[in-house]
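The numbers here are math on the coordinates, done by the rules we state, and not lab data. All values reported here derive from a predicted model rather than from experimental measurement. All Cβ positions, even for glycine, are placed from backbone atoms using ideal geometry, and neighbour counts span all protein chains on display.
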Amino acid sequence: MERDRPSDEDLAKGRERYHTLRRRVARKRENGIIDQEYILDRLELAFAEADTETLDGAAAEVAPKLAEQPDNWALWIEGTDEDRLASKIVHALVAHLRVRDPELLKQPPLFDWILDVVLRIRPGRPSKGGRDARAHRFRNILIAEAVRRICGLGTLKPTSTAKEPRSACHAVADRLGEEYETIATIWKNEKKRQQGRGLAPEALTEVKNPHDSSP
């Protein structure tokens, strides 16, 4: 059964939220601020990056502006192999120029990229990294990593206790609109999987903006 398509208003709100998160994460990273809000913002942003409709909307908004900045095309093209947002933006740029100014499609490096995609020298779109089962598994890893990092700040325990009812799992659940029990179960299961493997992987990452030079 297919899920209902979000309304245009909901999609617009999602895109606005997406852009807000990207700006906020970038600003805190530049200032070296790693707090609970930053960790939760990165988690929410990672889920937004995986939302095709959110990315399509963001790309559609960026493409017309990027069309007026040919000096920046190479930066986005370089990121298309690994960055889903960059890939969608370049595809949207090509679609935009095809209608508004087809002659610009002949300019390098955009023309070279189009040829590479047509000739299948490069994939055009990065891999999504697996089917639904793997995506669900990755989602759980991201959630568990967020809980671990919040605990690392030293202010909250991973799960609630009689003395400390508020926990890192509560913080994650509140941000994602999930039940506490759901997040706590994910945390406990992922913790068991990590036993004997050392520290949990540094899995909490967001798609890198090609304009962002920070590590």
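Per-residue extension of 0.36 nm, minus the Cα-Cα distance of residue 180 and residue 118, leaves a gain of 17.6 nm for this segment. Computed from the C-beta positions of residue 24 and residue 139 and an R0 of 30 Å, the FRET efficiency is 0.90 to the nearest 0.05. Peptides 14-26, 103-115 ranked from most to least packed give 14-26, 103-115, packing being the mean of other C-beta atoms within 10 angstrom over each peptide's residues. With 0.36 nm allotted per residue and the present C-alpha distance subtracted, the residue 11-residue 155 stretch has 48.4 nm of extension available. Using only alpha carbons, segment 4-116 has a radius of gyration to Kirkwood radius ratio (Rg to Rh) of 1.02.
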